[in-house]
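Following this message is one structure expressed as structure tokens.
The values are calculated or read from the model by the stated rules, or taken from the named source; none is laboratory data. The structure presented is a predicted model; accordingly, all values stated were derived computationally and were not measured. Positions of Cβ are backbone-derived with ideal geometry, glycine not excepted, and every protein chain shown enters the neighbour counts. Keep in mind that these areas ignore ligands, DNA and RNA; they rest on the heavy atoms of the full protein, side chains included. Shrake-Rupley method; radii C 1.70, N 1.55, O 1.52, S 1.80 Å.
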Amino acid sequence: TPCNIRGAYRVGAQVGTHGRHQTVAVIDAYDDPDAESDLATFRSQFGIPSCTMGGGCFEKVNQEGDQGNYPSGDMGWGLEISADLDMVSVMCPHCHILLVEANSNSFSDLLAAEAKAVTLGAHVINNSWGSGEFSGETGDDVSFNIPGIAFTASSGDGAYQGGVQYPSASPYVTSVGGTELTPSGSKRGWVERPWVTPGHPPTQGTGSGCSAYEAKPSWQKNHGCANRTTADVSAVATNVLGYDTYENGGGGWYYLYGTSVAAALIAGVYGLAGNAASQTRPAAALAYAHHWA
């Protein structure tokens, strides 16, 4: 639940006061006609303040930036949209949320939606989507090389064997992997481990690896890979509650899983911090500049 997640990451004291002037954009494909109403149900259930279009907290636009004339609906992407909106809400209840719906799941449309979120003033932009790397991906990095905006992307759900994903591999993006949280009697109250699905070798779990095309950024010092490595940070990616009524024509409460869940949570953390606009380096570099035991 939201309370569990905030407790595990020790942000409970901040969620009541921070993020009021931050906009977190969520980039997804196709339309979820129930996005606003499902978000309202989720937030109400867990005592999170209302966030509606009428109240100015939530905005939904197409990739041209227009309200209305949305793309065709898609139930699978609808569940993804609900998960992203819910997870941003968990970590940053007072952030403004901007949903930009791309016309399709093609890279050209998703990157067009990305650009629209930039022009509409987003401080943080989350991308819970990706595909395998490709030789021309470095040409698309310009879409994420915008100082003052924190970009997040899911590292993929194919485990290490699944290969590195893009845009997670971009050095201008915070690549977000997934973990499992288990209650424990420790001081923290939780044990946290990398998310893997049992099997030998695992075929489902948090994506990670060594990029085939992206150069290693100066702030990444690890050995064993001469290029960009992923993921940069991780957050819980399994057994997280979300709400969606569009999936399968009914739905309701779901146990969500995947690095897309974690990416949206980290986007909310950036919104909660509220300092992306003051940064001149990629937001991912901040994770390497500070070390915690």
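If you scan region 55-73, which residues turn out to be open to solvent by 10 Å² or more (accessible area, probe 1.4 Å) and in contact with a helix residue (DSSP H, G or I) (Cβ under 9 Å, 6 or more places away or on another chain)?
Lys60, Gln63, Glu64, Gly65, Pro71
Looking at region 75-83, can you tell me whether even one residue there is open to solvent by 10 Å² or more (accessible area, probe 1.4 Å), over 18 Å from the mean Cα position of the chain (by Cα) and more than 16 Å from Leu265 (Cβ to Cβ)?
Within region 75-83, one or more residues are open to solvent by 10 Å² or more (accessible area, probe 1.4 Å), over 18 Å from the mean Cα position of the chain (by Cα) and more than 16 Å from Leu265 (Cβ to Cβ).
In addition: Determine the pairs where a residue that is acidic (Asp, Glu) and crowded, with 20+ Cβ neighbours inside 10 Å, located within region 103-119, has a partner that is assigned to a helix (DSSP H, G or I) and at pLDDT 95 or above with Cβ atoms under 8 Å apart, the partner being 6 or more residues away or on another chain.
Listed by first residue and then by second, the contacts come to Glu114/Ser143.
Continuing with this model, one more query. Checking the condition within 21 Å of Gly7 (Cβ to Cβ), touching a Gly at 6+ places or on another chain (Cβ under 6 Å) and touching a residue at least 40 places away in the same chain (Cβ under 8 Å), which residue from Ala262, Ala277 passes?
The unique qualifying residue is Ala262.
Filter region 153-188 down to residues that are modelled with pLDDT under 95, within 20 Å of Pro217 (Cβ to Cβ) and open to solvent by less than 10 Å² (accessible area, probe 1.4 Å), then give me how many there are.
Residues that pass the stated criteria total 1.
Kindly indicate whether any position in region 222-234 is among the charged types (D, E, K, R), open to solvent by less than 60 Å² (accessible area, probe 1.4 Å) and within 25 Å of Met87 (Cα to Cα).
yes
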